[in-house]
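Structure in structure tokens, see below.
The values are calculated or read from the model by the stated rules, or taken from the named source; none is laboratory data. Bear in mind the structure is a predicted one, so any value in this text is a computation, not a measurement. Neighbour counts run over all protein chains shown; Cβ positions are idealised from the backbone, glycine included.
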Amino acid sequence: MVKKAVESIKGLVFDIQRYSIHDGPGIRTVVFLKGCPLRCKWCSNPESQDIRPQIFYIKSRCMGCGLCEKNCPDKEVKLEHDGLKIDWKAANRGDLAWTSVCPTGALGIKGIYMSVEEVLNIVMKDEIFYRQSGGGMTLSGGEPLMQPKFALGLLKMAREADISTAVETTGYVDRKVLLDAMHYTDVFLYDFKHWDDEAHIKYTGVSNKKIKDNLKILAEAGANIMVRTPLIPDVNDSEESIRKIMEIIKEYGIKKFTLLPFHQYGSGKYASCGMQYDMKDVKPHSEKQVAKLFRIIEDSGFSSEF
Ligand code: SF4
């Protein structure tokens, strides 16, 4: 009865990626949940931020048939010579079902409601790979713990099926939810983006205080934690900055730390969501620069292995 109740909990999912090898140990299925309390300027999943379903427009797929303009309920979409002009705010406010008229998939929705059971059925398809590689299911986002009932339901049911679990978190979450999740999570991939609070607020929109406090408490509670810092040019990529982060997490007793080098893979998605991207001119670090920082991490006694 309880199992059935958990299986029927619904949550908002914007992607499920199978065969991932970067989001925890082994081969994994990553379930991306919508909603995030942070607004990092370098976010590679801008479609994750809003906790409601939203329109996603891929201009290169648009053949200019005008069906969307004819079918949108309140004229939020207008076909012009160089593609659609979308009133994003108005368009995302209502029911988005009309977008299904698009014959090419240029216009679609990011975020669909799925039950725990539906997600688990997809996750279980690759059970054999998890067993062979030490992989499993990773919850990501956005911030997956912003949908606590759904996230906890997924973690519980995966545990019940003996599937290893990982949670990628911003740490900017309700502490009780985080500690509840700990009971069903094999490894937390915990982002710590900047040691300096002022800089943290400037680049992510929120203070790092809650993130640090939660990290400390999670570590003291005995959780298995890999701290990850997205390495952003001219934001937190100095040797001093990395050393400051290591100082803090060492104090919490954390032994696993890694960097996520900056990339531009998500940049095209901003336009597809009607959002502005401020980092298009930022160049990723060279391999040599990244390797130097990884050496410092290793020399400081941290492991980058899950
Ligand atoms: S329905 Fe699709 S293909 Fe046709 S104009 Fe609209 S977005 Fe483009």
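Would you check if there is a residue in the range 191-199 being more than 28 Å from R243 (Cα to Cα), touching a residue at least 12 places away in the same chain (Cβ under 8 Å) and surrounded by fewer than 24 Cβ atoms within 10 Å (Cβ to Cβ)?
no
Okay, moving on. State which residue is farthest from the ligand (Cβ to nearest atom) when the search covers only the range 65-81 and only residues that are in a loop (DSSP other than H, G, I, E, B) and surrounded by 14 or more Cβ atoms within 10 Å (Cβ to Cβ).
The selected residue is E76.
Restrict the check to the range 107-120 and report whether at least one residue is within 16 Å of the ligand (Cβ to nearest atom), under 20 Å from the mean Cα position of the chain (by Cα), closer than 29 Å to G171 by Cα and not small (G, A, S).
Checked the range 107-120: at least one residue is within 16 Å of the ligand (Cβ to nearest atom), under 20 Å from the mean Cα position of the chain (by Cα), closer than 29 Å to G171 by Cα and not small (G, A, S).
Another question, if that's okay. Name the residue that is farthest from the chain's Cα centre (by Cα), counting only residues in the range 265-298 that are among the aliphatic types (A, V, I, L, M) and assigned to a helix (DSSP H, G or I).
I296
Would you tally the residues in the range 43-64 being within 16 Å of the ligand (Cβ to nearest atom) and either without any contact (Cβ under 8 Å) to a residue 12 or more places away in the chain or assigned to a helix (DSSP H, G or I) (or both)?
Total meeting the criteria: 3.
Further question on the same structure: Tell me whether the range 83-90 contains one or more residues that are on the phi < 0 side of the Ramachandran plot, more than 10 Å from the ligand (Cβ to nearest atom), in contact (Cβ under 8 Å) with a residue 12 or more places away in the chain and not charged (D, E, K, R).
Checking the range 83-90: at least one residue is on the phi < 0 side of the Ramachandran plot, more than 10 Å from the ligand (Cβ to nearest atom), in contact (Cβ under 8 Å) with a residue 12 or more places away in the chain and not charged (D, E, K, R).
Determine which single condition G94 fails, assuming it passes every other condition in (1) more than 16 Å from the ligand (Cβ to nearest atom); (2) surrounded by 15 or more Cβ atoms within 10 Å (Cβ to Cβ); (3) not assigned by TED's automatic domain parsing to the domain that holds C36.
(2)
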